[in-house]
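Values in this text are rule-based calculations from the coordinates and carry no lab data. Small disclaimer: the values here were computed from a predicted structure and weren't measured. Methodologically, a virtual Cβ is constructed for each residue, glycine included, from the backbone with ideal geometry; neighbour enumeration extends over all protein chains shown.
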Amino acid sequence: MKPGMTPEVFFKATILGTALLLAGCATSGNQKSADTRATMKDVQQDYAQALAQVDATNGSLEAIVAPGQSDEKKAFENYSDNVNKMDDLGKRLFERADQMRVQQRNYFEEWRMQGNTYTNPQIQALSEQRRADLNVTFAHITEASVGVKGSFKDYMSHIGQIKTYLSNDLTTKGVGSISPDVQQAVADGAKLKDAVQPVISSIDDARAEMAQGGNQ
């Protein structure tokens, strides 16, 4: 207690300081929650775009080897553009996915620290239960994401090598000889789409759990 400060004034100042501290923690927690939800939405949209881009890339690849293709050069340029788009999308997607994981970790750590400030055991227990439940929901995203990056890299490797091959040999024989690899690349794209769908669903579930006022 500072000299000249009465016990009553000291008590009120202590209460006010505690209230401001808790309010600051709550604001920080809410901000982390909002940031995490925003990034989750971006990642979910990136995954949805990836699904559409796989279809566009596969379609442009199949067009090159389609019977009666009269303009292989134009078809190849379209395919090349789609491969580049797929590559850019993948880089952005996994960068945001990493950001999302960091934000989730910070969010739960903030929540855990706030839980240590409760003096009411019932409220503390409720907070811990909600945190545990939401942690399980987020764990589903991690589980669903297993293998996605590998599938994406396999697909990118395949379509990238086909792009390089065709850039050197866009002759009728060259295009004809690459047909089996084209079909395998298309199959790799379908496999990637199958791997991505559960991740989108898991993120959607987590966003719904974190929604505030009906907003996701």
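General remarks:
- Binning all Cα-Cα separations of the stretch 28-127 at 5 Å, short to long from zero, yields these whole-percent fractions: 2, 12, 14, 12, 11, 9, 8, 7, 6, 5, 4, 3, 2, 2, 1, 0.
- With Rh defined as the Kirkwood radius, the inverse of the mean 1/r over Cα pairs, the Rg/Rh of the stretch 7-209 is 1.24.
- Phi-derived couplings, Karplus 6.51 cos²θ - 1.76 cosθ + 1.60 at θ = phi - 60°, listed residue by residue for the stretch 161-177: 5, 5, 4, 5, 4, 5, 5, 9, 8, 9, 6, 4, 5, x, 5, x, 6 Hz, with x used for Gly and Pro.
- Close amide H contacts of T117 (hydrogens built in the peptide plane, cut-off under 5 Å, sequence separation of 5 or more or a different chain): none are found.
- Sorted fewest first by neighbouring Cβ atoms within 10 angstrom, E143, E128 come out as E143, E128.
- All other residues whose Cβ lies under 14 angstrom from that of A190 are scored, Lys and Arg at +1 and Asp and Glu at -1, for a net of -3.
- Couplings for the stretch 52-57, taken from phi via the Karplus curve 6.51 cos²θ - 1.76 cosθ + 1.60 with θ = phi - 60°, read 5, 6, 4, 4, 5, 5 Hz in order; Gly and Pro are left as x.
- Neighbour counting of Cβ atoms within 10 Å sorts the residues V148, V196, fewest neighbours leading, into V148, V196.
- Eigenvalues of the alpha-carbon gyration tensor of the stretch 43-97, scaled by 5 and square-rooted, set the equivalent ellipsoid semi-axes at 27, 10, 5 angstrom, largest first.
- Volume per residue of the C-alpha convex hull in the stretch 155-201, rounded to whole Å³: 58 Å³
- Dipole in debye (nearest 20) - the stretch 7-209, about Cα centre, beta carbon charges: Lys, Arg +1; Asp, Glu -1: 440 debye
- Karplus (6.51, -1.76, 1.60) ³J(HN,Hα), θ = phi - 60°, over the stretch 117-134, in Hz, Gly and Pro reported as x: 8, 6, 9, 8, x, 5, 5, 4, 5, 5, 4, 5, 5, 5, 5, 5, 4, 5
- Restricted to Cα atoms, the stretch 117-216 shows a radius of gyration and a Dmax of 22.7, 78 angstrom.
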